[in-house]
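K.L.:
If you scroll down you'll find the structure; I have some questions about it.
Only the coordinates and a few stated rules stand behind these numbers; no lab work does. Here the structure is a predicted model, which is why all the values come from computation and not from measurement. Here the Cβ positions follow ideal geometry from the backbone for every residue, glycine too, while neighbour counts run over all protein chains shown.
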Amino acid sequence: RLIHANPFHDGIKASQPVDESRNAYVSEEDVDKLIASATTEFAAVIASARYGGVRIPSEVLSMRWNDIDWSEKRIIIHDKKRKRDKVLPLFPKWDAALSKLWQESPEGQEYVFNWCRASANKTYRVALEELIQRNKLVQWPKLWVTMRASRETDLKAMFPGAHHVVHDWIGNSQKVSEKHYDRITPDHFQKALT
């Protein structure tokens, strides 16, 4: 019953272990420093990642002004990864950054973000790295994903009995969230000691 070739060799991907050394938590204090020292548009990009939990650059580049309901404090995000739209609350710090950008945007502008649309992936990353250095912060791994993961962690603390809501807003399954997004924060340690 011996076989001459390994049937698992070709075409089957083995799952890779998660490198937990690359997990980090980005504090609101650090992000607020970055937002305060960025241009209005880039501050809104940063706020979208950390306070909105949206994907950079795909979801921010799909945002249109008419997708924002200012009176209801909600926004429609076109989730290309899951091939559906999701509705998120305009969380206060995200709302503040988007409101400021809205006030400065030219009338009739369709998309929320127009800066470097063709090269956003690289340009946004380089701009964030420069901003982190300028603010003398320690750069964290996976710049944008870590900010999304930090937001998901915060939301799970805010809605402990409703993780399904958080998964829907962030756009991750429970399995992906547990494997790649859940973080331990300084507040977790502080709470454990009280």
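K.L.:
Quickly work out the Ala36-to-Thr123 label distance, labels modelled 7 Å from Cα along the C-beta direction, and quote it in nm with one decimal.
P.N.:
2.7 nm
K.L.:
Ala162 label point, 7 Å along Cα→Cβ, cut-off 13 Å on backbone N: hits in segment 61-94?
P.N.:
88-90
K.L.:
Could you rank the peptides 56-67, 142-153 by their average count of other C-beta atoms within 10 Å per residue, with the highest value first? List each step's numbers first, then the result.
P.N.:
On the way: 56-67: 18.0, 142-153: 21.8.
Packing proxy ranking, top to bottom: 142-153, 56-67.
K.L.:
Another question, if that's okay. To two decimal places, what compactness ratio does segment 32-168 give when its Cα radius of gyration is scaled by 2.2 N^0.38 Å?
P.N.:
1.02
K.L.:
So who's got an amide H within less than 5 Å of the one on Lys142, skipping anything under 5 residues away but keeping other chains? H placed 1.01 Å off N, in plane.
P.N.:
When sequence neighbours closer than 5 places are left aside, there are no close amide H contacts.
K.L.:
Between Trp115 and Lys93, take the C-beta separation as r, use R0 = 25 Å, and let me know the FRET efficiency to the nearest 0.05. Don't skip to the answer; put the middle values down first.
P.N.:
On the way: r = 20 Å, r/R0 = 0.80.
Result of the calculation: an efficiency of 0.80.
K.L.:
What relative contact order, as a whole-number percentage, does segment 31-133 give when Cα pairs under 8 Å and 6 or more residues apart are counted? List each step's numbers first, then the result.
P.N.:
Details: 113 pairs, mean separation 30.9, N = 103.
Rounded, it is 30 percent for segment 31-133.
K.L.:
Taking the Kirkwood radius as the inverse of the mean 1/r across Cα pairs, report the Rg/Rh of segment 85-154. Mind showing how you got there, number by number?
P.N.:
Details: Rg = 14.4 Å, Rh = 14.5 Å.
Across segment 85-154, the Cα-based Rg/Rh ratio is 0.99.
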